[in-house]
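Below: the structure, in C-alpha cells.
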Amino acid sequence: MSTHQETTLQAFDDNAAQTAFAAHPDWTLNLEKGCARRLFQFEDFAQAFGFMAQMAVVSEAMNHHPEWFNVYNRVDITLTTHDAGGLSPRDKDWAERADKVYAAMRTGA
Ligand SMILES: C[C@H](O)[C@H](O)[C@H]1CNC2=NC(N)=NC(=O)C2=N1
C-alpha cells in the first residue's frame with residue numbers, strides 16, 4: 001500500500017531548495033547533485049542506533065528513505081528524492097523530523 005502524495009514528488013528548483021532548507025541550517029545543500037547532507041553525532045552507538053530506529057519508522061511512514069552511513073556514534077545522512085531526480089519537499093520534511101528527533105534526544109525531551 002502506498003499512502004504518499006504524488007504531488008510532492010516534483011523536485012525543487014535551486015531557489016526553492018534554499019528557501020525550504022533555510023530553517024535547517026545544519027543541512028548542507030549540494031545543488032549540483034540535488035541532495036542535502038548532515039552529520040549527526042551522538043554520545044555512543046546505542047544513541048546513534050536509537051536515532052536510526054526512530055527515523056526508520058518515520059521513513060517507512062513517509063515512504064521516503066535516507067542514504068546513511070553509521071560508524072559508532074556518527075550517522076552521516078544524505079537526502080535526495082530519487083523519483084524526482086533531486087531535492088523535493090519530502091527531503092525537507094524528513095530533515096525536519098530528523099532535526100526534531102535529534103533535539104529531543106539531546107534535551108532528554
Ligand atoms: C517505490 C517506492 O515508493 C519509491 O521508490 C520511494 C521509496 N523511497 C524513496 N526514498 C527516497 N529518498 N527517494 C525516493 O524517490 C523514494 N521513492
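The values are calculated or read from the model by the stated rules, or taken from the named source; none is laboratory data. Keep in mind it's a predicted model, so treat the numbers as computed, not measured. Neighbour counts are summed over all protein chains in view; Cβ atoms, including those assigned to glycine, are modelled from backbone coordinates with ideal geometry.
Just a few scattered comments:
- Of the residues screened, A103 is not one that is surrounded by 19 or more Cβ atoms within 10 Å (Cβ to Cβ), farther than 12 Å from A36 by Cα and more than 9 Å from the ligand (Cβ to nearest atom).
- So T8, is it polar (S, T, N, Q), at pLDDT below 95 and not in a loop (DSSP other than H, G, I, E, B): yes
- Where a residue in the range 50-70 is free of Cβ contacts under 8 Å to residues at least 12 places away in the same chain and of a type in the set (A, V, I, L, M, F, W, C) and its partner, wherever it lies, is more than 8 Å from the ligand (Cβ to nearest atom) and outside any loop (DSSP other than H, G, I, E, B), with Cβ under 6 Å and at least six apart: F69/D76
- Considering residues of the range 51-73 that are loosely packed, with under 14 Cβ neighbours inside 10 Å and part of a strand (DSSP E or B) only, the residue farthest from the ligand (Cβ to nearest atom): V71
- Looking across the range 11-49 at every residue that is free of Cβ contacts under 8 Å to residues at least 12 places away in the same chain and in a strand (DSSP E or B), the one that is nearest to the ligand (Cβ to nearest atom) is identified as N30.
- For the range 76-95, the candidate set comprises residues that are of a type outside the set (S, T, Y) and within 11 Å of Q10 (Cα to Cα); within that set, the residue that is farthest from the ligand (Cβ to nearest atom) is P89.
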